[in-house]
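Throughout, read-outs are computed from the coordinates displayed, never taken from laboratory work. Keep in mind that what you see is a predicted model, and the values were worked out from it rather than measured. Counting neighbours? That spans all protein chains shown, and the Cβs are built from the backbone with ideal geometry, glycine included.
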Amino acid sequence: MKTNSLILVGFGLVLVFMEGINHSIGFEFMFMISACVLTVIVLLGQFDTKKNDSGLATWIGTGLFVMFMVVGPTIAIISLHHAGNDEDMRTSDNAVQIEAAANFLVHGTNPYATTYFNTPLATLYHGEIAPGVQNPALFHLISLPGDLLLTAAARVAVVAAIGWFDVRMLYLALFFVAGMIAYRLGTDPVTKLRSVILVCCNPLLVTFMVEGRSDIVPLVFLVGAFLALHHRRMTRAAALFALACGMKAFSWVLIPVFLVVFIGRTYGASWKERIRTCLVPIVVFVGIAAAMYMPFLVWNAHAFIDSVIRYANGSALVSYPVSGDGMSFLLLKQGVIHSSSDYFPFWIFQAVVLVSLLVMFIPRLIKQPKVTLALFVGALMLFGNQYVARYFNVNHLGFILSLVAAGFGFAALEKDEQRSATTSHSS
């Protein structure tokens, strides 16, 4: 079997396995559809007329995967959610809450200074995250302002057009934008198709997108920012990265590597000249970040900080519980942390991990300011930071793996750039 087809089939099998573990409604039907789709992909891969595994047949196979294993399930769950049938399909409380928060914002209520007991979040799974455990999201909104503002804008537009809104409509649109960006990460048909498959068909990303988690949002802006950075579109890169920093706290972890590569890829005879050239993009970054964060800080700084920072790190009166599959889970099981609601200074471990990785890799990034290296180092930093954080969920791993996949795409671009530079020097 050819490589791209093999990757698709492997992703498909993982996706079906994950759906089976989660006991999704209609799993038997999805299993039959998936089996048919994967069989067709295998056959198309075998009969691809291109020896390099990038012909029309493999593209059709990729399209079938996206249509039947990503778009179809997303539309089905959107329909069920609209019909009020959330109990039978996995709908993330993230999706329900951000929709309610956008509704609050549109009607002039501060989403960070209110509770969510009078919203659909209170009835989703009876307002619980486990039997007898009240959902703490009823008290706090953890989503960052950029995510909230984007959702509110999409809600206004979609409601004006069709009368109702599901945030997965936005995520689905951004999924296709991610596909278009991934296509630009290749230099030939093989690497273009592989980038699309690796970034957009990642089962640990799309599974959670279908249920309404928002990892696709920062992914689009981050990969877009690094693509602009590769092409030395500095102001555009700064703007996109600022937007990413308003979408998810993940993005802030990548600031050091982004900044080093940003300065390193700026034209100039010395680092001093490069820093001077960076002033305008830095002003753009600060301006966009301030435009997202400052209104909510001015509106109610205490409520904003309580929801976005204290709730997330466990120091709020009602906090995000210790959960997931990282170090926090082990500490909870071993009794080091007595209750999932207790505070624990995970930030110390996060600081040690991040500083250690920066000391190890920043010197190399300064010598080789390449986007590929920045993404690989950034993904490693994200993994280390989240593993020792208060919570580390599987969807976080999916996001990290998508960044790694994008890094492989950029590797092809950088090889082509190096080849062109060598050719020009030779001539």
Footprinting exposure proxy for K333, K248 (fewest neighbouring C-beta atoms within 10 Å first) = K333, K248
May I ask you to list the residues of region 375-400 whose amide nitrogen lies under 18 Å from a point 7 Å from Cα along the Cα→beta-carbon direction of Y343?
-> 389-391
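Working out 0.36 nm times the residue gap between I275 and A291, then minus their Cα-Cα distance, what length gain in nm do you get to one decimal? Before the final figure, lay out the partial values.
Numbers: separation 16, 0.36 × 16 = 5.76 nm, distance 2.36 nm.
Roughly 3.4 nm would be gained on extension.
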Go through region 61-72 residue by residue and turn each phi into a ³J(HN,Hα) via Karplus (6.51, -1.76, 1.60, θ = phi - 60°); whole Hz please, and just put x for glycine and proline.
-> x, 5, x, 5, 4, 5, 5, 8, 10, 10, 5, x
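Where does the chain land at 222 nm, in deg cm²/dmol rounded to the nearest 500, when only DSSP H runs of n ≥ 4 count, each adding -39500 (n - 2.57), divided by all residues?
-22000 deg cm²/dmol
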Tell me, what ³J(HN,Hα) does each residue in region 279-294 have, in order and in whole Hz, if you take phi through Karplus 6.51 cos²θ - 1.76 cosθ + 1.60 with θ = phi - 60° and put x for Gly and Pro?
-> 4, 5, x, 5, 4, 4, 4, 4, x, 5, 4, 5, 5, 7, 8, 4
Reported label for calculated Cα extents along the principal axes in Å given (1) 66, 57, 49; (2) 221, 53, 39; (3) 71, 57, 51 = (3)
Pseudo-spin-label distance L330 to N393, built 7 Å along Cα→Cβ, given in nm, is 2.2
Just report the Cα centroid separation between region 183-249 and region 143-166, whole Å.
-> 21
Calculated log₁₀ intensity ratio I(q)/I(0) where the Debye formula runs over C-alpha points of region 272-424, q = 0.12, 0.17, 0.19, 0.20 Å⁻¹ | -0.76, -1.19, -1.26, -1.28
Within region 283-373, list the chymotrypsin sites (Phe, Trp or Tyr not before Pro) lying in a DSSP loop whose Cβ has at most 13 other Cβ atoms in a 10 Å radius.
-> none
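Pairs of lysine in region 3-426 with Cα under 21 Å and at least 8 positions apart or on different chains: total?
Pairs that pass both the separation and distance tests number 8.
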